[in-house]
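Note sheet for the following structure.
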Amino acid sequence: NFLLNVGPDSQGVIPAASVERLREIGRWMRVNDDAVYGTTAGPFARLSYGVATRKANTVFIHVFDWPSSGELRVPLRRRSAVRSARLMARPGSPLSYRTEDERVVVRLPASAPDPVDAVVALTLGAEPEVLPLPSDGAQVTASSAAAGKPAAHVLDGSGRAIWSAAEP
């Protein structure tokens, strides 16, 4: 869901910054509308690099944090049978992919075609089988030495921990 607080000022003019933002959204939608209209959420509970939508046999992965490794590790079992992978912004250029440790790994270009939300479309040949989050059932302990400034710990499903500690 998107909420855009755009409206005219007291003179009846829509501010230039709002107009530019709407143009940017329009450019993005012309490329990626299939990943938005008629989709449902999922099939993943959490992805460390973005979110996903789904329509029929296609999973659209909205990548907000482009992997520096050049690989997108997708928690789909190989039985989900990926038939093709592509960037929505480059439909004529298929992406290579492989399975590794029961997981689908998609090879990405060095830079994202969109710095905010680059969409990878995976066409599947079977119902998606999602791997469980590595942090499911994990016990977490957080502590802080600074009084009144607790440490925060987030398990994001990627197997890595993100810590923010209090300033001493």
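Throughout, read-outs are computed from the coordinates displayed, never taken from laboratory work. Worth saying up front: this structure is predicted, and the values here are computed from it rather than measured. Methodologically, a virtual Cβ is constructed for each residue, glycine included, from the backbone with ideal geometry; neighbour enumeration extends over all protein chains shown.
Some observations on this one:
- For region 12-51 versus region 52-99, the inter-centroid distance based on Cα atoms is 18 Å.
- Qualifying GluC sites (Glu not before Pro) in region 98-137, DSSP loop, other Cβ atoms within 10 Å at most 15: Glu102, Glu129
- Rotationally averaged projected area of region 1-115 (alpha carbon convex hull; nm²): 8.7 nm²
- Sites Asn57 and Ala110 - FRET efficiency at Förster radius 35 Å, r taken between beta-carbons, to 0.05: 0.75
- Stretched out straight at 0.36 nm per residue, the stretch from Ser69 to Ala45 would grow longer than its current Cα-Cα span by 6.4 nm.
- In region 2-58, the C-alpha radius of gyration followed by the widest Cα-Cα span (Dmax) gives 15.7, 49 angstrom.
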